[in-house]
Amino acid sequence: MFFQHIFESSLAHSSYLIGCQAKGVAIVIDPKRDVDTYLAIANKNNLKITHIAETHIHADYLSGTLELAELTGAQCYLSDEGGQDWQYEFPHIGLKDGDQIHVGNLIFNVIHTPGHTPESISLSLIDTPATMEPVMIFTGDFVFVGDVGRPDLLENAAGLIGTKEIGAHQMFGSLKQFLALPDHIQVWPAHGAGSACGKALGAVPSTTVGYERIRNWALQYKDNEKAFVQELLDGQPEPPRYFAMMKKLNKITRPLQTAVPQYTKLTKDEFIKHYKAGTATIDTRHKFDFAKGYLPNSINIQNNKTFNTWAGWVLNYTEPFILILDETELDDITRKLMRIGLDQVVGYITPEMVSQLGIPLERQQLIDFDEMNRAVGNPNAQILDVRNTTEFTAGHLPGATHLFVGTIADNLDKIDRERKLYLHCQSGDRATIAASILAKYGIKDIKIYSPSINDWVAKGGGLVKSSF
């Protein structure tokens, strides 16, 4: 048996290529959209991708199943569980609980494991030349290392009211199936630490049933369904705005990107034309470089491991946008955007061109501990904490107002324009995004505390806890 785990760090997403070397065939489970990765692995190991499977309709990325099927001719094996509202709407081989997928000498048993989503399935693997007992299980977003999939996304991201409690109870039942599995079975989930698909995902890529039986918080509630449901629904992070679009696009036939797109490098005049026409401008430079001089109305989303997430929060899927980026990061940024279906890129310029456009630049005000400390308790200051709810309740600056960066544009009425505005987050990155969004709406006299919360505490700054 051939096995390779493919990890995409910007989405904390895991996919898998498993092959039967005796027959020269392979399956890909939960593929990302830039599928050249799988083609290269298969070619290097003399395997033909003949099967593609998904564990559920994903919310945090645009699946590469259709692209991979187009390029390889492989069959798509997808869940037909969950009821009429949770069916894939493009041709596929439907899977039900108890079905099997045969890939050469490998057998994948289908287990319906609803909870995260109604149609969710897990795939247990039997390597028949070695044993007729399962040796691995691919759990998708059902069981993670140290956590389980959140059941609230359908309600909080897709607007399907009343589904999160149903999903939580379904998850409790599915975990009973998981607990019935032998301890030795390896568990390979679809996400790891950093994903918004759970609240406490572990950083190691895989685990075992036995280890999770001891370690996973969710498996300690096997006799108390009510307490489990309450704990599962409590403290989940805000789901990014783009999740609803991913749920929609992953069910239907859509335009394909069978190759990584090649963005156009714009001339000075081309960029100015689009910029002055109001095309959204995303500046991917480091926050300190952005603060020193940026184009009015541009939004700073640094090209780091959370670039996808914030691009999905900020950008509109029906409108074009232009980029400012370092060409050494072009391929990386291109892949990150295509993985969440943000295909409407007009083109880009490099950071060196920003000062050559003839457009007066604006600056952000970055402050240190002493200045932020003076703002605490000052009646003429409003301190805005743009972290998520869980972070805010765990400990925030005294008197701070909570306004999550992802929804800040929808809550401008909560900003007191009569007072001096101070922004902070956990490490400064989200505060920079928030400040650039506010500047686009005309709120520009902002002071940003860019060091981390840890730095604040280390220098003697106080934190208070609160609840909602």
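Return the whole-Å distance between the Cα centroid of segment 446-468 and the Cα centroid of segment 300-353.
30
Order of D283, D80 from fewest to most other C-beta atoms within 10 Å?
Lowest to highest Cβ neighbour count: D80, D283.
Pick out, from P320, G173, L125, the residue whose Cα sits farthest towards the positive end of the charge dipole of the chain, with +1 on the Cβ of Lys and Arg and -1 on the Cβ of Asp and Glu.
Checking the options against the dipole of the chain, the answer is P320.
Find the all-direction average of the projected area of the Cα convex hull for segment 268-354, expressing the result in square nanometres with one decimal place.
The number I arrive at for segment 268-354 is 5.2 nm².
Pairs K414/K440; K96/K251; K32/K199; K292/K414; K199/K222; K164/K199: which are spaced more than 24 Å apart, C-alpha to C-alpha?
Long pairs (Cα-Cα over 24 Å): K292/K414.
Post the alpha-carbon centroid distance, segment 159-196 to segment 369-411, in whole angstrom.
Result: 34 Å between the Cα centres.
Determine ³J(HN,Hα), in whole Hz, for all residues of segment 107-114 in sequence, where each value follows from phi through the Karplus function 6.51 cos²θ - 1.76 cosθ + 1.60 and θ = phi - 60°; x replaces Gly and Pro.
Running phi through 6.51 cos²θ - 1.76 cosθ + 1.60 with θ = phi - 60° gives 10, 10, 8, 8, 10, 6, 10, x Hz.
Test of understanding: express the Cα radius of gyration of segment 2-249 as a ratio to 2.2 N^0.38 Å, with N the residue count.
Ratio of Cα Rg to 2.2 N^0.38 Å: 0.95.
Tell me the label-point distance for the pair T258, S466, using the 7 Å Cα-to-Cβ offset, in nm and rounded to one decimal.
With each label point 7 Å from Cα toward Cβ, the separation is 5.4 nm.
Rounded, prolate or oblate: which fits segment 365-458 when a ≥ b ≥ c are the square roots of the eigenvalues of the alpha-carbon gyration tensor, with rounded for a/c under 1.5 and prolate only if a/b beats b/c? Intermediate results must be reported in sequence, preceding the final value.
Numbers: a/c = 1.41, a/b = 1.20, b/c = 1.18.
Verdict is rounded for segment 365-458.
Based on DSSP, what percent of beta bridges with both residues in the chain are antiparallel, to the nearest 5? Walk me through the numbers on the way to the answer.
Details: 32 of 71 bridges.
Of those bridges, close to 45 percent are antiparallel.
Check each of the chymotrypsin sites (Phe, Trp or Tyr not before Pro) in segment 350-454 and keep only those in coil by DSSP with at most 12 other C-beta atoms within 10 angstrom; list them in order.
Sparse-neighbourhood loop chymotrypsin sites (Phe, Trp or Tyr not before Pro): Y441.
Values in this text are rule-based calculations from the coordinates and carry no lab data. Because the structure is predicted, anything quoted here is derived from the model rather than measured. Using ideal geometry, Cβ is built from the backbone for each residue, glycine included, and neighbour counts are taken over all protein chains shown.
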